Structure formats: structure tokens, C-alpha cells
Amino acid sequence: MGTITAIVIDSNSYRLFVVGSTGPRLGRPEDAVDLMSRAWQQKADVVVVPVERFVPEFFVLRSLLAGEFTQKFVNYGVRLAILGDISAKTGERTALADFVHECNRGTSILFVPDVDTLLAKLSKL
């Protein structure tokens, strides 16, 4: 995958591995495993990825990329927060809007517009 620029933020009882907004595009299951590995090295329990980092096909559910990518996080018990505004994408695709809604009902995969919203959600878990 190459170099990942990230910062680690300690907040409440969570340690966030926040991936930078520029760099190689993500979407393959192998990218998920690589991110988790790097987060574990930092003892982080939440990986935060800006929407800009994903390949465009990630948000087209029939490509299966989102499902395969997020399933890796669920399987390994690591939380994933996808950070940013995806309202234009969910407005175009009903299935994506349903996927985001279902993810946000759980605790493993979260779609949030900003870090403050993420921290608020995490404080309630």
C-alpha cells in the first residue's frame, strides 16, 4: 500500500488511528488488513479514514468493495470510522444510504461527518 500518513489521537477511552486525507486510494480487503496492522502497532482501537481515501467504486455497493473492506474490520474486532460528507453519494444510491444507516446502528463501522461527531458517538458506546 505504501506509506500511510496518520496521527494518533487519545480521546476518552479510545485511541484513534487517523489516516491522512491524501495518499493511495483504499478499497481492497488487503488495504483494510494493512490499516489494522498499522493501527495495532500504535495500540489504536479505532481506525479513522477520510472518504477521500477510498476508491470511487467503494461507494458502489454492487462492486462488493465496501462489504469486503468493512467485513475485515468486523472480523478482527477493530472499529472503523469513515469520516466525511457522503450525502451526495447516498442521495444517488438508495442501497448505499441503507448500508450507512445499518452501519451507524451498530458499533463496528461508523460513517460520521467529522471527528467531533465520532467522539460523541464513541462516548456513548
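Could you tell me which residue of the stretch 10-40 is modelled with the highest pLDDT, considering only residues that are in a strand (DSSP E or B) and surrounded by fewer than 16 Cβ atoms within 10 Å (Cβ to Cβ)?
Within the stretch 10-40, the first condition is being in a strand (DSSP E or B), and the residues that meet it are 10-11, 14-19, 26.
Going one step further and asking which of them are surrounded by fewer than 16 Cβ atoms within 10 Å (Cβ to Cβ), we end up with 10-11, 15.
Values: Asp10: 72, Ser11: 74, Arg15: 91.
Applying the filter and picking the extreme gives Arg15.
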Within the stretch 51-62, how many residues are outside any loop (DSSP other than H, G, I, E, B) and more than 19 Å from Val33 (Cβ to Cβ)?
6
Scan the stretch 69-89 and give yes if some residue there is surrounded by 15 or more Cβ atoms within 10 Å (Cβ to Cβ) and over 15 Å from the mean Cα position of the chain (by Cα), otherwise no.
yes
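So which of Val19, Val55, Val47 ends up being within 17 Å of Cys103 (Cβ to Cβ) and among the hydrophobic types (A, V, I, L, M, F, W, C)? Before you say what the answer is, go through the steps one by one.
On the way: Val19 fails: within 17 Å of Cys103 (Cβ to Cβ); Val55 fails: within 17 Å of Cys103 (Cβ to Cβ).
Exactly one of Val19, Val55, Val47 is within 17 Å of Cys103 (Cβ to Cβ) and among the hydrophobic types (A, V, I, L, M, F, W, C), namely Val47.
Going by what's in this entry, would Ser63 be described as in contact with a helix residue (DSSP H, G or I) (Cβ under 7 Å, 6 or more places away or on another chain) and either of a type in the set (D, E, K, R) or at pLDDT below 90 (or both)? Let's see the steps before the verdict.
Values: in contact with a helix residue (DSSP H, G or I) (Cβ under 7 Å, 6 or more places away or on another chain): yes; either of a type in the set (D, E, K, R) or at pLDDT below 90 (or both): no.
The answer is no for Ser63.
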Hey, can you tell me all the residues within the stretch 90-106 that are closer than 16 Å to Arg79 by Cα and not in a helix (DSSP H, G or I)?
Gly106
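Results for (1) within 15 Å of Leu35 (Cα to Cα); (2) touching a strand residue (DSSP E or B) at 6+ places or on another chain (Cβ under 9 Å); (3) in contact (Cβ under 8 Å) with a residue 24 or more places away in the chain; (4) of a type in the set (A, V, I, L, M), shown as yes or no for each residue.
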residue: Leu64; (1), (2), (3), (4): no, no, no, yes
residue: Thr70; (1), (2), (3), (4): yes, yes, yes, no
residue: Ile82; (1), (2), (3), (4): yes, yes, yes, yes
residue: Asp85; (1), (2), (3), (4): no, no, yes, no
Which of (1) assigned to a helix (DSSP H, G or I); (2) under 22 Å from Val8 (Cβ atoms); (3) in contact with a Leu (Cβ under 6 Å, 6 or more places away or on another chain); (4) not charged (D, E, K, R) is the odd one out, the single condition Leu119 does not satisfy?
(3)
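The values are calculated or read from the model by the stated rules, or taken from the named source; none is laboratory data. Computed from a prediction, not measured in an experiment: that's the story for all the values here. With ideal geometry, Cβ positions are generated from the backbone for all residues, glycine too; neighbour counts draw on all protein chains shown.
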